[in-house]
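Structure first, then comments.
What follows is calculated from the coordinates using simple rules that are stated; it is not laboratory data. This is a predicted model, so every value here is computed, not measured. Neighbour counts are summed over all protein chains in view; Cβ atoms, including those assigned to glycine, are modelled from backbone coordinates with ideal geometry.
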């Protein structure tokens with residue numbers, strides 16, 4: 001439990017200087033003054049309306065109480081009145097609050113109906129929660145879906161206080177979700193393991209990601225920019241480490257990004273059909289390891305929530321048992337089936353990496369074709 | 001009185017075999033205070049880790065065990081048993097009964113609690129660690145993905161449920177059958193009323209919780225799929241069942257607190273409670289509404305919009321009877337002749353802070369806004385305003401108020417006032433900033449956070465340490481009063497206090513009201 005090294009380092013490192021203290025909900029308006037989403041601005045307005053009604057009632061109730069505490073003290077020699085029960089007053093303080101509530105319910109209802117208006121979306125994105133990352137899949141009418149995982153990009157050194165924390169500490173990912181501006185985007189939200197919740201405060205979208213069920217949400221973001229959020233349903237040990245990062249870009253830039261993604265997918269597919277040299281596999285494998293394995297298995301393969309990789313009998317034993325763990329996961333543990341999450345080339349690279357890094361010098365080279373043939377049995 | 005009865009047995013057997021409501025009440029109160037300190041220690045670990053961004057003291061998995069056990073121990077170990085202890089001590093004395101109706105069951109309902117909590121605490125030492133899925137234990141995190149200790153957790157919950165149901169049956173039987181002649185329902189002190197209604201809530205919903213954990217047990221060990229979509233079940237079903245228990249549960253916690261406040265504010269205002277009847281009806285109204293609002297905890301699970309609207313409207317309605325309560329207390333103070341001894345200070349603290357918790361509750365009831373509040377620190381702040389400043393403050397007020405009657409000795413008033421002010425300030429420094437970080441986007445149950453939340457979290461942690469320390473002062477004051485406090489000789493310790501318990505000697509003898517009291521002079525209030 002105790003992490004003395006990290007504790008000692010804490011005192012030495014200053015926090016990033018530009019952290020700001022925000023004390024209220026996102027207004028739905030960007031710093032430049034542009035509306036980010038109509039719905040976000042509306043929800044903020046609703047929130048403030050209810051807040052001010054509460055403040056007004058509070059001033060009334062607490063005012064009466066404070067005056068009473070000041071004026072009706074025994075030390076002032078007052079004689080207690082013995083009055084009690086007054087039908088008129090009692091009816092009034094039942095009926096008046098009821099009408100105030102009706103007043104609140106009207107705008108609340110209309111806003112809620114807008115939240116639920118999922119019709120006429122121009123594009124759909126399947127958002128899947130995993131322990132502890134998000135997968136985004138752009139649904140394509142021709143079945144040419146683009147899918148990728150979005151992992152926490154903050155380094156373990158920053159988390160364990162041996163490196164200065166960056167501006168977007170814990171709110172940055174390796175591959176953000178990219179959506180075009182002024183486009184109605186429908187999110188289909190689900191989960192692969194436990195319940196997660198996908199939330200971006202500034203665009204006012206939060207919906208639980210529930211395994212086996214698909215929830216719908218939508219947004220139309222009007223201001224380009226980067227919007228950040230986090231998982232908001234306890235989903236296990238690293239619940240605090242699966243942020244959401246959304247880049248809202250112009251339609252042209254979005255099209256370019258999409259084309260690049262398709263190109264990269266084609267390159268990966270081509271790579272999978274060739275033999276890669278060992279140093280390329282190792283470099284790629286290290287990237288995959290850092291994104292997908294490190295949180296549980298440690299930066300040096302020393303283990304943690306998961307077993308140690310360094311010196312592991314699995315990573316240094318036969319290839320098939322090793323691929324079995326990576327591709328199929330281990331039932332009943334946090335070890336997921338990465339065969340469904342990583343491309344064959346990435347599985348090959350990370351397997352090669354694990355078999356040759358951290359002192360596991362097996363000398364084995366695993367190619368994508370080995371993974372394909374393993375999967376085919 | 002009571003010469004023909006022997007006094008308490010000596011030594012340990014007195015406590016093991018006792019069927020005396022006062023002994024059992026005392027054990028409940030000490031047990032709950034021990035759990036309060038244990039749950040508080042878990043909270044201190046949480047706040048120490050959150051003192052600064054970055055992981056310092058504990059690992060994320062252990063952090064989750066702390067949040068889970070903090071919630072479970074505080075709800076089931078500290079707050080609920082403390083009010084049962086209060087009920088044991090006070091209900092027989094308030095209604096003029098010699099004891100509880102079912103004294104042997106009373107002994108049993110207490111003595112199964114310590115083993116249950118021992119088992120729950122022992123999960124910390126088990127392989128895989130203690131439950132780490134939050135006190136709301138949502139499936140499938142608490143089933144398929146749970147540590148092996150979950151089975152012990154389930155068994156502990158079962159025992160707590162049995163204990164609560166037995167305690168509630170006892171209270172219902174006592175109140176219905178053992179009131180002194182002339183004490184009609186509408187003459188019962190409000191504390192008795194609120195507990196009677198609470199007992200019905202408990203009997204209604206504890207079996208639902210038992211059902212939920214049993215279904216979990218089946219899913220984990222016997223291959224069923226109640227909460228797994230892969231086998232035809234539904235994880236959201238778990239949440240519906242849990243909150244069908246869980247929402248009445250919060251009123252189970254707060255209604256006896258309302259009862260306490262309704263006894264103390266009139267006593268120190270030297271003025272009858274303004275609207276006795278409307279308080280009873282408001283309590284019943286809140287209890288009824290508590291059964292039809294559960295899904296407001298689940299606005300983001302993807303319910304159909306009609307369901308969202310129903311639960312939003314029903315939840316907003318709770319503001320009406322709750323408002324009636326607050327208005328009644330304030331009107332009771334109005335034109336009274338108030339003094340501000342420690343019980344009154346804690347009651348006024350309750351009134352102010354609980355009302356703030358009520359306001360944030362009203363904000364949370366607004367479904368579209370809740371999409372922004374849900375599962376953030378705003379919720380954490382809200383429920384600590386009602387749980388700590390509500391239930392715990394009222395419980396503290398109750399201990400100071402009735403301690404002289406229980407022990408025949410007075411606590412140190414100055415120290416009591418210091419305890420109040422340090423608690424009040426510590427509490428607000430802890431929880432008020434949590435509204436800000438919650439609105440700004442900090443999710444609950446995270447061991448580490450983005451840098452923009454750093455200042456308020458540090459403030460929160462400092463406040464928590466202050467609040468935690470102030471409870472040791474409370475412990476000292478109570479023990480010092482019992483050991484060497486100034487003796488009180490008056491039956492009526494507080495000049496404004498009304499009720500049958502204040503007609504008894506101080507300390508209250510081991511057996512009281514063996515012959516029922518006469519009620520003519522007792523006012524209705």
Likely footprinting exposure, A:160, A:227, fewest C-beta neighbours within 10 Å first
A:160, A:227
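Taking every residue in A:40-49, how many Cβ atoms of other protein chains lie within 10 Å of its Cβ, on average?
Mean partner-chain Cβ count within 10 Å for A:40-49: 3.
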Per residue of A:104-111, other chain Cβ atoms within 10 Å number on average 5
Which of the peptides B:390-402, B:61-73 is most tightly packed, and how do the rest follow, judged by the mean count of other Cβ atoms within 10 Å per residue?
B:390-402, B:61-73
Normalised by the residues of chain A, what does the relative contact order come to in percent, with Cα pairs under 8 Å and at least six apart?
13
Starting from 0 in steps of 10 Å, tell me what percent of the Cα-Cα pairs of the stretch B:450-518 lands in each bin.
15, 25, 22, 16, 12, 8, 1
Can you tell me the mean projection area, over all orientations, of the convex hull of chain B's alpha carbons? Units nm², please.
23.8
Give or take rounding to whole Å, what are the principal axis extents of the alpha carbon atoms in the protein assembly as shown, in descending order?
98, 59, 53
Expressed in nanometres to one decimal, the distance between label points 7 Å along Cα→Cβ at residue A:62 and residue B:425 is 1.8
According to the square roots a ≥ b ≥ c of the eigenvalues of the Cα gyration tensor, what is the shape class of the stretch A:319-377, taking rounded for a/c under 1.5, prolate for a/b larger than b/c otherwise, and oblate for the remainder?
oblate
Starting from the Kirkwood radius over alpha-carbon pairs of the stretch A:275-375, derive D by Stokes-Einstein at 4 °C in a medium of 1.567 mPa s and give it in µm² s⁻¹.
99
Summarise the partner chain shielding of B:144-153 as one whole number: the mean count of Cβ atoms from other chains within 10 Å of each residue's Cβ.
2
Förster-model FRET efficiency, 56 Å R0, residue A:278 and residue A:226, C-beta, rounded to 0.05:
0.90
Cα point-scatterer Debye curve for the stretch A:38-115, base-10 log of I(q)/I(0) at q = 0.19, 0.22 Å⁻¹:
-0.94, -1.08
What shape does the stretch B:325-391 have by the C-alpha gyration tensor, where a ≥ b ≥ c are the square roots of the eigenvalues, rounded means a/c under 1.5, and otherwise prolate means a/b greater than b/c and oblate the rest?
oblate
Between the helical axis of B:235-269 and the dominant principal axis of chain B, each derived from Cα atoms, what acute angle in degrees is found, rounded to the nearest 10?
30
Full-extension gain between residue A:83 and residue A:21, please, as 0.36 nm times their residue separation minus the C-alpha to C-alpha distance.
17.4 nm
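If one computes P(r) from the Cα atoms of chain A, what percent of pairs lie at distances over 31 Å? Don't skip to the end; give the middle numbers.
Values: 36379 of 70876 pairs.
I get 51 percent for the Cα pairs in chain A exceeding 31 Å.
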Distance (nanometres) between label positions extended 7 Å along Cα→Cβ at residue B:491 and residue A:328:
8.0
By the mean-Cβ-within-10 Å protection proxy, highest first, B:303-311, A:194-202, B:52-60 rank as A:194-202, B:52-60, B:303-311
Report the calculated FRET efficiency for residue B:510 and residue B:118 (r = Cβ-Cβ distance, R0 = 25 Å), to the nearest 0.05.
0.30
Over all distinct alpha-carbon pairs, what is the Kirkwood Rh of the stretch B:165-274 in angstrom?
16.4
To check my understanding: the extent here is largest minus smallest coordinate of the Cα atoms along each principal axis. What are those three numbers for the stretch A:85-137, in Å, largest first?
63, 31, 8
Hey, could you get me the Stokes-Einstein D for the stretch B:1-160, Kirkwood radius over alpha-carbon pairs, 25 °C and 0.890 mPa s, rounded to whole µm² s⁻¹?
141
What relative contact order, as a whole-number percentage, does chain B give when Cα pairs under 8 Å and 6 or more residues apart are counted?
18
Measuring from label point to label point, each 7 Å out along Cα→Cβ, what is the residue A:141 to residue A:75 span in nm?
7.9
Per residue, how big is the convex hull around the C-alpha atoms of the stretch B:122-194? Give it to me in cubic angstrom, could you?
117
Percentage of interatomic Cα-Cα distances in the stretch B:213-300 larger than 17 Å:
63
Defining a contact as two alpha carbons under 8 Å apart and six or more residues distant in sequence, what relative contact order in percent does the stretch B:1-154 show?
29
Rounded to the nearest 10, the angle in degrees between the Cα long axis of helix B:150-177 and the longest principal axis of the Cα atoms of chain B comes to 30
Going by how many other Cβ atoms sit within 10 Å of their own, how do B:489, B:149, A:124 line up, fewest first?
B:489, A:124, B:149
Rounded to the angstrom and largest first, Cα extents along the principal axes for the stretch A:123-267 equal 45, 33, 33
Could you list A:316, B:442 in order of exposure, starting from the residue whose Cβ has the fewest other Cβ atoms within 10 Å?
A:316, B:442
